[in-house]
1. Does LYS243 fit the bill of being of a type outside the set (S, T, N, Q), touching a residue at least 12 places away in the same chain (Cβ under 8 Å), surrounded by fewer than 18 Cβ atoms within 10 Å (Cβ to Cβ) and outside any helix (DSSP H, G or I)?
2. Among the residues of segment 3-41, what is the count of those that are buried (at least 16 other Cβ atoms within 10 Å of the Cβ), part of a loop (DSSP other than H, G, I, E, B) and not hydroxyl-bearing (Ser, Thr, Tyr)?
3. Only one residue in ILE253, ILE311 is over 30 Å from ASP163 (Cβ atoms) and of a type in the set (Val, Ile, Thr), so which one is that?
4. Suppose we filter segment 249-269 for residues that are under 19 Å from ALA194 (Cα atoms), outside any strand (DSSP E or B) and more than 16 Å from the ligand (Cβ to nearest atom); how many remain?
5. Taking segment 12-60 on its own, how many of its residues are more than 21 Å from GLY71 (Cβ to Cβ), in contact with a Phe, Trp or Tyr (Cβ under 7 Å, 6 or more places away or on another chain) and hydroxyl-bearing (Ser, Thr, Tyr)?
6. Tell me, which helices (runs of 4 or more DSSP H) wholly within segment 42-139 include 2 or more residues that are more than 15 Å from the ligand (Cβ to nearest atom), in contact (Cβ under 8 Å) with a residue 24 or more places away in the chain and surrounded by fewer than 22 Cβ atoms within 10 Å (Cβ to Cβ)?
7. Can you tell me which residue within segment 140-161, out of those that are more than 12 Å from the ligand (Cβ to nearest atom) and in contact with a Ser or Thr (Cβ under 7 Å, 6 or more places away or on another chain), is nearest to LYS76 (Cα to Cα)?
Amino acid sequence: MTDQPINIKKIGVLTSGGDAPGMNAAIRAVVRAGFYYKLEVYGIYRGYEGMINNDIRKLENKSIAHVLERGGTFLKSARSEEFKTVEGRQKAYNNLKSHGIDALVVIGGDGSLTGAHLFYKEFGIPAVGLPGTIDNDLFGTDLTIGFDTACNTAIEAIDKIRDTATSHDRLFFVEVMGRDAGFIAINAGIGSAAAAILIPEKKFPVEKLIDRLKFREKAKKESNVVIVAEGGKSGGAQEISEKVKKILPTYDIKVTILGHLQRGGAPSSFDRILASKLGVSAVEGLLQGKYDVMAGIINNKIVFTPIKRAIVDDKQVDEEELRIAGILST
Ligand code: F6P
């Protein structure tokens, strides 16, 4: 994992894949740490697309003024199809070399880190990845940049839905993001007193959901909000709501899909601090010869994990959290 350090003078930083609150704070930390260690730092705009299209600009102190507190990513982001091809990566490499960039910090989710890994293997460009995704689905870190803010946003929205659900004695199905991962759903569900949490990692048969709703009816619960992670095993919120409606036709059911709302907004204090710590660690890791790794946080300590493991190994949902959620929702 630690190689003989090469003499790094210029680093490039990029954000790629779905944006996440705290990405700006991470970029800022990379730039500040770079300057501290007397490096030149280049911003690569629109992720790997910008590397291929040579949208690469030198960053200055003023480039990162007042970005720490802003959502989104000022470097912009993209999901690049061309970078998945050898020709695309060759173009990207030529552009990096034309700027004299020796190493990269890649901020993004598993697709972005896969790109960094391939690029290191093919062209030997050292990279440290930072886990930047609201999904929290990367092995090698307890938490990803943006997850905390996304959960806070989801909980705030669900609280509002709860008000109207209670006023009308309605059953709401709220769909949260997380592609193939239930981390946002579990956190948002526990944090908003959900009646049930449906996630891609676990089966939750409709019959079990019906029993839960009937039990809650007997217990005179005034509202029911069921949290559904997108990509869930039993379908999305709309599909599940239709199945439930068939069995419980008297229930007044509504569906809300929170969608991209969860990706925006100012980063929470937790995400600002996590991103800041990881950004500095990425630069220091590169200078120490830690290549092809992701910097993450485990038990509040910075840990470097080979990117290959971060993208291939499965991050498991916490069974204890699920058990607690089960107790709290009955
Ligand atoms: O990976 C982050 C994420 O927000 C997922 O939760 C979601 O499934 C996906 O990105 C949506 O991607 P896009 O913005 O490209 O539609």
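Every number in this text was worked out from the coordinates using simple rules, so none of it is lab data. Keep in mind the model is a prediction, meaning the values are calculated, not measured. Here Cβ is always computed from backbone atoms with ideal geometry, including for glycine, and neighbour counts include all displayed protein chains.
1. No; evaluated as a whole, the condition is false for this residue.
2. Summing the residues that are buried (at least 16 other Cβ atoms within 10 Å of the Cβ), part of a loop (DSSP other than H, G, I, E, B) and not hydroxyl-bearing (Ser, Thr, Tyr) in segment 3-41 gives 8.
3. Answer to the check: ILE311.
4. Start the filter on segment 249-269 by keeping residues that are under 19 Å from ALA194 (Cα atoms), which leaves 251-259, 262.
Still in the list and also outside any strand (DSSP E or B): 251-252, 258-259, 262.
Going one step further and asking which of them are more than 16 Å from the ligand (Cβ to nearest atom), we end up with 251-252.
Residues meeting the conditions: 2.
5. Residues that pass the stated criteria total 1.
6. It comes to 86-99, 110-123.
7. THR149
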